[in-house]
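Everything on this sheet refers to the single structure shown next.
The values are calculated or read from the model by the stated rules, or taken from the named source; none is laboratory data. Every value quoted in this text rests on a predicted model; they were computed, and no experiment measured them. Quick reminder, even Gly has a Cβ in these numbers, built from the backbone with ideal geometry, and neighbours come from all protein chains shown. To get the accessible areas, we keep the full protein, side chains included, count just its heavy atoms, and leave off ligands, DNA and RNA. Shrake-Rupley method; radii C 1.70, N 1.55, O 1.52, S 1.80 Å.
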Amino acid sequence: LGVLQLTSSAVIFIGAEKGYFKEFGVEPELVFFQAAQPIAVALASGDLDIGGTGLTAGLYNIVAGGVRIWVVADKGREWPDHNLTALVVRKDLYDAGVRDLRDLQGRTVGITQVGSTFHYNMGRFLEKTGMSLGDVELVPLQSLGAMSNALAAKRVDAIVTAEPFVSRLEAAGTGVPIVRTGDTFPWQIAAMFYSDRFARDRKRAVAFLEGYVKASRHYF
C-alpha cells in the first residue's frame, strides 16, 4: 500500500496499528512515498496493489493512456474549517508585508512536482485572485520534506504543502499560512486506488475496504 506520511493518511495508519485490516484477512505493507504522482506510476506498473494519494495530472495521464486504475474510496477532501493544504509564506517575508497572493508576484513558490495537487492548488489560488501561474516562479522540489527545508533555508519565498508540515512550519516560526485550501475552494483532493490486478481479487479487495471502513469510523 503506497501512501504519503500526511495527516490525511491517518485512517490508514489507524487501520494498520489497530489491526483492523488484519481482522478482515489482509495485512497491508505500507510503502512510504515523498510525492503523490509516483504512487500512480507504481500502481500502473503493478509494484503496488493499493494507493492512497492525491488526484494528480500523472494519474489522469496514466489512465488516459489505457491503464485501468480503480478508484474505490474517499481518502481526503477539503472544505471550510477542515483544511489539509495551505500556501505558507516565509515568516520574515510575512513580517515584511507579504500577506496575500498579490504580494507574491514574481516570487518563488515551492511545490512537489509539476502536475501535483499542490501545483493545481496554486493555480486555483491565483485564479481566484485574478492572477495566473505565470505571475509566480514555481520551483518543483520533488518531496514534501524538501519543500519545508527550502522554506526554512530561505531558498524559496513560499510553498504549497499539507499537514502536518503546515502546522510544523507555523510552530517553528518558519512560515505563516496565508491561504488555506478548504476555506478557499472545497474539493476532493485524494482517494484510495486499486491496481487492476488487486481489484479483480474480489475477496481481498472487499476485505481491505471492510478494514478501511472500520478504521474510518474509529477515526471519526
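Report whether or not Thr53 is of a type in the set (Ser, Thr, Tyr), crowded, with 21+ Cβ neighbours inside 10 Å and at pLDDT below 95.
Considered against the rule, which asks whether it is of a type in the set (Ser, Thr, Tyr), crowded, with 21+ Cβ neighbours inside 10 Å and at pLDDT below 95, Thr53 comes out as yes.
Going by what's in this entry, would Phe185 be described as modelled with pLDDT under 95 and either over 20 Å from the mean Cα position of the chain (by Cα) or farther than 21 Å from Phe13 by Cβ (or both)?
yes
Within the bounds of the stretch 171-189, is there any residue that is among the basic types (Lys, Arg) and closer than 26 Å to Ile69 by Cα?
no
Any idea how many residues of the stretch 196-216 are under 19 Å from the mean Cα position of the chain (by Cα) and small (Gly, Ala, Ser)?
So the count comes out to 1.
Look through the stretch 188-202, keep the residues that are touching a residue at least 12 places away in the same chain (Cβ under 8 Å) and open to solvent by 60 Å² or more (accessible area, probe 1.4 Å), and return whichever of them is nearest to Leu133 (Cα to Cα).
Of everything passing the filter in the stretch 188-202, Gln188 is nearest to Leu133 (Cα to Cα).
Take the conditions among the β-branched types (Val, Ile, Thr) and over 30 Å from Val213 (Cα atoms) and apply them to Val41. Does it pass?
no
Does at least one position in the stretch 57-79 carry a residue that is under 12 Å from the mean Cα position of the chain (by Cα), of a type in the set (A, V, I, L, M, F, W, C) and open to solvent by 20 Å² or more (accessible area, probe 1.4 Å)?
no
Residues in the stretch 4-24 that are open to solvent by 20 Å² or more (accessible area, probe 1.4 Å), touching a His at 6+ places or on another chain (Cβ under 9 Å) and farther than 25 Å from Ala86 by Cβ: how many?
Result for the stretch 4-24: 2.
Just one of the numbered conditions (1) crowded, with 23+ Cβ neighbours inside 10 Å; (2) out of contact with any Leu (no Cβ under 8 Å at 6 or more places or on another chain); (3) over 20 Å from Gly115 (Cβ atoms) is not true of Glu27; which one?
(1)
Residue check, Gly46 against (1) at positive phi; (2) open to solvent by less than 20 Å² (accessible area, probe 1.4 Å), all met but one. Which one?
(2)
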